[in-house]
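The values are calculated or read from the model by the stated rules, or taken from the named source; none is laboratory data. Note that this is a predicted model, so its numbers are computed, not measured. We place every Cβ from the backbone using ideal geometry, glycine too, and count neighbours over all the protein chains shown.
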Amino acid sequence: MRTGQLIARLWREFVSRYRGDIAALIPVLAIVAGAAASYAWVTKHAFDAIARDDLSAIQLTPLFVLAAVAVRALSMFVQAVLSQGLALKVLRDIQNAMFAKLMSVDFARHAREAPGRLVSRFTNDINVVAEGLVRGGQAVIRDALTLLGAIGFMLWSDWVLTLLVIGAFALAGPPLQGIAQRARRRTDTAQQQLSSLTALLSEIFGAARFIKTYGLERRETQRAEAAFEERRKIAMKLATNRARSEPLLEIVGGIAFAAVLLTAGLRIAGEAMTLGDLLGIITAIGVATPAARSLGSFNTVLNEASAALARIFSLLDEPTAINDADDAKPLQIKGGRIEFDDVSFSYDGAQIIDRVSLTVAPGETVALVGPSGAGKSTIFNLLPRLYDVTAGALRIDGQDVRDVTVASLRNAIALVSQEATLFNDTVRANIALGRAGATHAEIEAAARAAAAHDFIMALPQGYETLVGERGGKLSGGERQRIALARAFLRDAPILLLDEATSALDAESEAQVQEALKRLSKGRTVLVIAHRLSTVRDADRIVTLDEGRIVEIGAHDELAAKGGLYARLSKLQFQAAAK
């Protein structure tokens with residue numbers, strides 16, 4: 001998408017809604033520009049008065065200067081506040097749109113890109129666009145009006161000198177355009193590298209325990225130093241490219257100034273203009289030069305912002321595969337019967353699930369076991385439509401999950417996974433995520449059911465205690481019991497348990513297992529467990545291998561059969577014995 005198209009879209013989707021802010025800003029920018037251009041008129045007035053020995057006019061000159069300065073200073077303050085306010089509103093709306101998009105895209109989209117890279121879009125790309133927006137309002141309107149005002153005064157004073165100055169500055173056009181084009185290419189590279197750097201830092205800081213334990217500080221320091229050096233090199237190229245425009249305009253300005261002095265000297269000697277005309281034009285050039293320099297450097301900033309905008313709009317334009325069908329209806333739960341009917345799923349050309357047929361009766365607990373990569377987690381992801389099946393059908397109580405609304409489908413499912421997902425909020429707020437609008441009594445009842453109430457009340461602020469980032473202030477067992485309380489509060493008819501106790505010590509595991517039994521009662525339950533001892537009591541065990549069901553039965557039946565389940569059990573028993 002070209003720069004003009006990007007700017008047009010930015011205006012259409014994000015800026016145009018603030019027409020009131022723009023209407024208030026434009027006259028203020030015009031006043032700033034007019035006050036700057038008036039300096040040239042004041043200079044001409046002063047020196048013409050001196051040449052005429054007009055004492056009264058000379059005495060009025062300081063008043064004119066002070067008035068122009070006061071008007072410009074006040075309007076510059078108002079302009080800065082209004083332009084920043086408008087830019088911040090637009091940037092907030094862009095961030096809101098990006099975040100909403102990422103919340104609505106498929107789960108696979110999040111799996112493709114590291115969280116650090118996504119964060120970079122909200123910080124680094126937005127900062128580049130912010131500079132373009134603020135500079136844009138100043139350069140396109142204020143500096144353009146200042147330049148036009150100065151040129152208008154110069155034409156009125158002496159058109160010959162004016163055309164000479166314009167011709168000199170026109171020489172800078174093609175080189176400035178080349179600088180701007182290089183800026184766009186390099187900005188795109190810089191933003192991609194900055195995304196990689198953000199992802200690297202997130203990865204390193206998130207693995208601090210492992211790095212310390214394995215003595216990898218020097219290795220990670222070297223990786224970070226290499227990334228910082230690459231960032232410096234790319235940033236230096238950008239800075240060097242930007243720096244070219246200022247000297248270029250300075251040289252052109254010097255040439256124009258020298259030509260003006262020579263031409264004006266000849267014209268004054270021939271009485272074709274006055275000294276006041278010359279000094280007024282010189283003042284106008286002094287006013288016009290920063291405006292022209294700003295416009296010239298803005299072209300570079302604009303191309304940098306265009307590269308960032310292109311990345312932002314590419315995110316906003318990504319298609320979403322998991323959508324409600326046009327005639328989608330809310331899921332009607334009758335018992336929670338789950339049916340996989342010849343289901344297959346492939347991703348990036350790889351077959352993950354291959355013709356799986358399985359029916360889970362209402363209230364039944366079915367365990368999924370098998371080696372890593374067998375497809376257990378994918379089956380879990382298909383149920384709430386984090387992915388869609390690529391063949392076959394997945395039904396709940398006879399309703400294809402693709403024919404019901406996504407919201408009603410996911411409201412019917414509760415998930416408790418190996419790593420309890422907690423947010424840096426209070427215990428109460430984390431449990432309340434299970435069901436919006438839950439009362440404190442309902443939250444407390446859920447906590448009691450999950451064997452969490454006693455340890456919660458022992459915390460410094462009880463239910464109002466902040467759990468820290470990712471629940472870091474709590475133990476693993478405490479985090480898991482809060483996640484269980486959330487599932488109790490949700491009271492969903494279908495329960496997915498993904499390695500819910502594998503990371504816990506024996507005491508915590510016993511507490512959580514007891515709570516899980518209470519939670520599972522009367523619900524349709526699918527369980528993933530690598531530790532086969534945790535699924536012995538399941539109604540049925542389904543053994544998966546390479547995306548296919550290879551065995552179905554009870555624990556004792558499968559153990560005696562001598563198949564894959566028996567081999568996995570034997571291996572775990574031998575490992576435990578050692």
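ALA51: under 30 Å from GLU131 (Cβ atoms) and at pLDDT below 80, yes or no? For ALA51, the condition - under 30 Å from GLU131 (Cβ atoms) and at pLDDT below 80 - is not met.
Looking at LEU279, LEU331, just one residue is under 33 Å from the mean Cα position of the chain (by Cα) and outside any strand (DSSP E or B), and that residue is LEU331. In the range 456-477, the residue that is farthest from the chain's Cα centre (by Cα) out of those that are surrounded by 13 or more Cβ atoms within 10 Å (Cβ to Cβ) and not in a helix (DSSP H, G or I) is LEU459. From the residues in the range 334-345 that are of a type outside the set (Phe, Trp, Tyr) and outside any loop (DSSP other than H, G, I, E, B), which one is farthest from ILE549 (Cα to Cα)? By that ranking, first place goes to ILE338. All of (1) modelled with pLDDT of 85 or more; (2) assigned to a loop (DSSP other than H, G, I, E, B); (3) of a type outside the set (Lys, Arg) hold for ALA441 with one exception: (2).
If we scan the range 76-92, do we find a residue that is assigned to a helix (DSSP H, G or I), surrounded by 14 or more Cβ atoms within 10 Å (Cβ to Cβ) and over 31 Å from the mean Cα position of the chain (by Cα)? So far as the range 76-92 goes, yes, one or more of its residues are assigned to a helix (DSSP H, G or I), surrounded by 14 or more Cβ atoms within 10 Å (Cβ to Cβ) and over 31 Å from the mean Cα position of the chain (by Cα).
Looking across the range 212-236, the residues that are aliphatic (A, V, I, L, M), assigned to a helix (DSSP H, G or I) and surrounded by 11 or more Cβ atoms within 10 Å (Cβ to Cβ) come down to ALA224, ALA226, ALA227, ILE234, ALA235.
Can we say ARG293 is farther than 29 Å from VAL119 by Cβ, at pLDDT below 85 and basic (Lys, Arg)? In short, yes. Counting only residues that are surrounded by fewer than 15 Cβ atoms within 10 Å (Cβ to Cβ) and modelled with pLDDT under 75, the range 240-254 holds 6 of them. Answer with yes or no whether ILE413 is out of contact with any helix residue (DSSP H, G or I) (no Cβ under 7 Å at 6 or more places or on another chain) and not polar (S, T, N, Q). Considered against the rule, which asks whether it is out of contact with any helix residue (DSSP H, G or I) (no Cβ under 7 Å at 6 or more places or on another chain) and not polar (S, T, N, Q), ILE413 comes out as yes. Restricted to the range 273-291, and to residues there that are small (Gly, Ala, Ser) and out of contact with any Asp or Glu (no Cβ under 8 Å at 6 or more places or on another chain), the residue that is surrounded by the most Cβ atoms within 10 Å (Cβ to Cβ) is ALA284. Of all residues in the range 50-67, none satisfies being under 13 Å from VAL287 (Cα atoms) and in a helix (DSSP H, G or I).
Within the range 346-371, work out how many residues are in contact (Cβ under 8 Å) with a residue 60 or more places away in the chain and either buried (at least 20 other Cβ atoms within 10 Å of the Cβ) or part of a loop (DSSP other than H, G, I, E, B) (or both). So the count comes out to 15.
Of everything in the range 100-109, what is in a helix (DSSP H, G or I) and either more than 19 Å from GLN192 (Cβ to Cβ) or at pLDDT 75 or above (or both)? Give them in sequence order.
Result: ALA100, LYS101, LEU102, MET103, SER104, PHE107, ALA108.
For the subset of the range 372-394 comprising residues that are at negative phi and small (Gly, Ala, Ser), which member is surrounded by the most Cβ atoms within 10 Å (Cβ to Cβ)?
First, the residues of the range 372-394 that are at negative phi: 372, 374, 376-384, 386-391, 393-394.
Right, trim to small (Gly, Ala, Ser) and you get 372, 374, 377, 391, 393.
Working: SER372: 7, ALA374: 22, SER377: 17, ALA391: 13, ALA393: 14.
Result: ALA374.
Taken over the range 372-400, the residue count meeting the criterion of being in contact with a strand residue (DSSP E or B) (Cβ under 6 Å, 6 or more places away or on another chain), part of a loop (DSSP other than H, G, I, E, B) and of a type in the set (S, T, N, Q) is 1. If you go through the range 401-438 and keep only what is of a type in the set (A, V, I, L, M, F, W, C), over 21 Å from GLY522 (Cα atoms), more than 27 Å from the chain's Cα centre (by Cα) and in a loop (DSSP other than H, G, I, E, B), you end up with just ALA438.
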